[in-house]
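The values are calculated or read from the model by the stated rules, or taken from the named source; none is laboratory data. Fair warning: this is a prediction, and the values are worked out from it, not measured in the lab. Note that we place each Cβ from the backbone using ideal geometry, even for glycine, and neighbour counts take in every protein chain shown.
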Amino acid sequence: MAAHQFQTEVSQLLHLIIHSLYSHKEIFLRELISNASDALDKLKYLTLTDEAYKQIDFSPRIDISFTEGEHPTLTVSDTGIGMNENELVENLGTIARSGTKAFLEKLSGDARKDSNLIGQFGVGFYSSFMVAEKVEVITRRAGEENAYRWTSDGRGEYTIEQDARESHGTTVILHLNDNGREFANRWRIDGIIKKYSNHIPFPIYLHYEETGWDDKGNKKQDKVQKTDQVNSASALWKRPKSELKDEDYYEFYRSIAHDSDDPLLYIHTHAEGTMDYTTLFYIPKKAPFDMYYADYRPGVKLYVKRVFITDDDKELMPVYLRFLRGVIDSEDLPLNVSREILQQNSILRKIRQASVKKVLSELEKLAESDKEKYIEFWKEFGRPIKEGLYSDHENRETILKLARFKSTKAEGYTSLLEYEIRMVPEQKAIYYITGQNEKTLRQSPLLEMYNAKGIEVLIMDDELDDVIIPMAGKYKEFEFKSVNRSDAAEDLKTSSDKEKEQEAKPLIERIKKALGDRVKDVKASTRLSDSPSCIVADSNDPTVQMQALLKSMGKNDIPEFKPILEINPTHPIIQKLGDMEDGTEFSDVCMLLFEQAMLVEGMKLEDPAAFARRLNNMLDRAVEKK
Ligand code: ADP
C-alpha cells in the first residue's frame, strides 16, 4: 500500500469543504453521478471509434446502494472507462487548472459558502467529503487487468493499493459522517436523483431492501432486495418539444450546469434540412463565478448522434456568450472528428453561426415580452454581451438592439431605440459619458450644456464601455460621441458660441501660459453653463479614466496624454479673470480652475499639497473681505 500526499491546493480545498461548506450538501450525489456519466460517455466514444476498444463489453449503467445502521455507507458504481494507478493520482490527488488559487479564495470568501461552486469549478468529486468521513474508490481501467483501491479521510493523505474488480468501471464508497447519515435513505436518494440527474442518458439503478408482505398482509421476516431504475435515461434534447415541460428542462439544466437554481431561459432547437442538429441552450440566472477568468470552463457540450464528444471546447460558442450552458448534438459530423479539427469544421461553424443568431433573437423576444426579466438578464450578462460589439461584427446590429444603458433621462435602463425616440430635432449623434462612478457622472459639469438643451446622455460607468463603444460603430445613422472628448460638442455650436470663442482668445493664451505643460490645450467651451471649467480628452486620446484603467492593469509604458482644459467664457469667474493682471494670483486662479475640474472627474491631483495651499490663500482672502 502506498501513501500519497494531496497536492497543497487539494488539501486546502478539502479543508474548506470539510469545515465550512454547508449549503446544498446533497449535490455530492449529483457530482458523483455526473462523473459516472462522463466515464460512461468516454468509454462509449472509444468503443465506437477506437479499434482497441471495439471488443469491450459496453453495458452502461450506474448503480447506487446504501447500508443503514451505525456506520452507514452510500455506494455509486459505474461501468465506465475507469482509472489506472497514474490516473488515480492525477485525477483524485491534484487539481491541474490554473484558476485554482482564485477559486479557493472565492470559495473561502463567499458568504453563501455554496457548494455549487465546487461543481462549477470541476472538482466535484471532493464534495463527497462534505458527507463522508472516509471515501474509497475501487476502479479498473477499461482494457487493463489491474484494479486499484484509493482511500482517504480527506485530511492531507490518501493511499492506493491493488485490489480486484470483476470488470472495468469505478465504484465510489462513502462512509457517511453525521452530516451524511440522512442520505442512507431510499427516498432521499430517489429525490436527489430526480431533482438533479433525471436526464442523465444512462440508466441509474437504486438498490434497496423492502419488508415483504404475505398474502394475508402480515410482515414477512425476510427483507426483500429490490432494484428500481430511478431516472428516465433519455437524451432529453432529442425529444420533441411538445413532450417536454418546463420542469423537465429545468431538471436537465440542474444536472448539466451544476446549479441548484432554475435557469432564466432555455432555447431548444431541432434543425432539419441542409443540416440536422439539435441544440438546447440555457441562460443561468446568475453569472458563473468564473465568467471573468481567462480559463473559464465552457458550458456547452458537443455530441455527435448522442455520443458525447467534448465539454471543453471554447470555440463551440463565441467567447462573449460564455455564460451559456447546454448541448449541441449534430447528426452530420463524423463520430471520430478530432478535437483539433473541430475549429475548422464547416458544419460546426454553421451550427455555431445559426445558434448565435437564435440565442440573440430569443433575447430580443424576451426584451419585448418581459422587460423586467430582460433587465435581470442584462444586469448579470450585459457586460459579456457588450464584448460582442467588437468581437462579432456579423451580429453587431442585433447586439446594439439588445444593449441597455443608464442615461440622464431614463429611469433604470434604456435601449438605443428608446433613446432615438427621445432625441431632440437637431440631434445627429448619440452622446455618452464615461467614468467609474454613476453618481459622479450624473453631476459632471460636462453634462451641463446637454441638460440645458434637453439632450439625453448615456451614462457609462463600466470601464469596459470606454474601450468598446468607440469600436461599436454607428447605431443606424447615428454616431456615438463621448462627452468626455473635446470634439463632442463641435456639431452643437451656434454662431454666438463661435463669437464668444473669438472674444475669449486673448484670455485663453494667458491661461495656457500659466498652466504650461500641465495641459495639452485650453479651449473655450460651449458645453458648460454653471461651471467655470472642465477637462476633456483630445478626440483621439484615451480619456483620463481609460488611462487610469490601463495603469491599473499594470501598463506603465503608455505615454502620458494630457487633458484639455475647457473654460466657460460666460461664467462670472472667467469674465473677471480676464480683468486680472498676470502674476501669482492670476496663475493660482488658473491652477485652481484646472485642479477642481480634475477633482470633479474623480482624478487624482499631481500635487495635492500645492492645491490646498492655493485654495487656502483664496479662502484667506475671502474671509478677510468680510
Ligand atoms: P470533473 O469531473 O469536473 O473533472 P472531479 O473532481 O469530479 O472533476 O473529478 C476529477 C477527475 O477524476 C475527472 O475529470 C475524471 O477524470 C476522474 N473521475 C472521477 N470520477 C470518475 C469515475 N467515476 N470514473 C472515471 N473517472 C473518474
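Where residues in segment 469-525 are at pLDDT 90 or above, in a loop (DSSP other than H, G, I, E, B) and of a type in the set (A, V, I, L, M, F, W, C), which of them is surrounded by the most Cβ atoms within 10 Å (Cβ to Cβ)?
VAL483
If I ask for residues that are free of Cβ contacts under 8 Å to residues at least 24 places away in the same chain and under 17 Å from the mean Cα position of the chain (by Cα), which ones from segment 375-402 would you list?
Listed by number, the residues that qualify are LYS379, GLY382.
I'm told THR227 meets every condition in (1) assigned to a helix (DSSP H, G or I); (2) modelled with pLDDT of 90 or more except one. Can you identify the failing condition by its number?
So the condition that THR227 fails would be (1).
Going through ARG165, ARG149 one at a time, which residue ends up being within 16 Å of the ligand (Cβ to nearest atom) and either among the polar types (S, T, N, Q) or not in a strand (DSSP E or B) (or both)?
Numbers: ARG149 fails: either among the polar types (S, T, N, Q) or not in a strand (DSSP E or B) (or both).
It is ARG165.
So which residues in segment 133-146 are under 19 Å from ILE56 (Cβ atoms) and more than 11 Å from the ligand (Cβ to nearest atom), if there are any at all?
Hits for segment 133-146 are GLY143, GLU144, GLU145, ASN146.
Collect the residues in segment 430-457 that are small (Gly, Ala, Ser), surrounded by fewer than 19 Cβ atoms within 10 Å (Cβ to Cβ) and not in a helix (DSSP H, G or I), keeping them in residue-number order. If you could, list the steps in order and put the result at the bottom.
Narrowing segment 430-457 to residues small (Gly, Ala, Ser): 435, 444, 452, 454.
This time we only want the ones that are surrounded by fewer than 19 Cβ atoms within 10 Å (Cβ to Cβ), so: 452, 454.
GLY454, the sole residue that qualifies.
Of all the strands (runs of 3 or more DSSP E) wholly in segment 251-305, which have at least 3 residues that are within 22 Å of GLU376 (Cα to Cα) and in contact with a strand residue (DSSP E or B) (Cβ under 9 Å, 6 or more places away or on another chain)? Spell out the reasoning first.
Values: elements: 265-271, 277-283, 300-304.
Qualifying strands (runs of 3 or more DSSP E): 265-271, 277-283.
Within segment 5-22, take every residue that is within 15 Å of the ligand (Cβ to nearest atom) and touching a Gly at 6+ places or on another chain (Cβ under 8 Å) and give me the one that is nearest to SER232 (Cα to Cα).
Of the residues in segment 5-22, the ones within 15 Å of the ligand (Cβ to nearest atom) are 6-7, 9-14, 16-17, 21.
Next, only the ones that are touching a Gly at 6+ places or on another chain (Cβ under 8 Å) stay: 6-7, 10-11, 14, 17.
Working: PHE6: 37, GLN7: 38, VAL10: 35, SER11: 37, LEU14: 33, ILE17: 31 Å.
Here the residue is ILE17.
Quick check, is GLU595 more than 48 Å from the chain's Cα centre (by Cα), without any contact (Cβ under 8 Å) to a residue 40 or more places away in the chain and in the same structural domain as LYS523 (by TED's automatic domain parsing)?
Numbers: more than 48 Å from the chain's Cα centre (by Cα): no; without any contact (Cβ under 8 Å) to a residue 40 or more places away in the chain: yes; in the same structural domain as LYS523 (by TED's automatic domain parsing): yes.
So GLU595 does not fit the description; no.
Out of (1) within 18 Å of LEU32 (Cα to Cα); (2) out of contact with any helix residue (DSSP H, G or I) (no Cβ under 9 Å at 6 or more places or on another chain); (3) within 15 Å of the ligand (Cβ to nearest atom); (4) of a type outside the set (D, E, K, R), the odd one out for MET83 is which?
For MET83, the exception is condition (2).
Kindly establish whether ILE200 is within 16 Å of the ligand (Cβ to nearest atom), within 27 Å of GLN55 (Cβ to Cβ), among the β-branched types (Val, Ile, Thr) and not in a strand (DSSP E or B). Steps first, please.
On the way: within 16 Å of the ligand (Cβ to nearest atom): yes; within 27 Å of GLN55 (Cβ to Cβ): yes; among the β-branched types (Val, Ile, Thr): yes; not in a strand (DSSP E or B): yes.
Considered against the rule, which asks whether it is within 16 Å of the ligand (Cβ to nearest atom), within 27 Å of GLN55 (Cβ to Cβ), among the β-branched types (Val, Ile, Thr) and not in a strand (DSSP E or B), ILE200 comes out as yes.
When the residues of segment 23-46 are narrowed to those that are surrounded by fewer than 18 Cβ atoms within 10 Å (Cβ to Cβ) and more than 15 Å from the ligand (Cβ to nearest atom), which ends up nearest to ALA235 (Cα to Cα)?
It comes out as LYS25.
Go through segment 403-421 and give me each residue that's out of contact with any Ser or Thr (no Cβ under 8 Å at 6 or more places or on another chain), in a helix (DSSP H, G or I) and over 28 Å from GLN547 (Cα atoms).
Within segment 403-421, LEU417, GLU418, GLU420, ILE421 qualify.
Checking the condition among the hydrophobic types (A, V, I, L, M, F, W, C), over 26 Å from VAL483 (Cβ atoms) and without any contact (Cβ under 8 Å) to a residue 12 or more places away in the chain, which residue from ILE341, ILE421, ILE347 passes? If you could, list the steps in order and put the result at the bottom.
Numbers: ILE421 fails: over 26 Å from VAL483 (Cβ atoms); ILE347 fails: without any contact (Cβ under 8 Å) to a residue 12 or more places away in the chain.
Exactly one residue qualifies, and that residue is ILE341.
With respect to the numbered conditions (1) more than 9 Å from the ligand (Cβ to nearest atom); (2) under 20 Å from LEU174 (Cα atoms), which one is the sole condition not fulfilled by LYS54?
Unmet for LYS54, out of (1) more than 9 Å from the ligand (Cβ to nearest atom); (2) under 20 Å from LEU174 (Cα atoms): (2).
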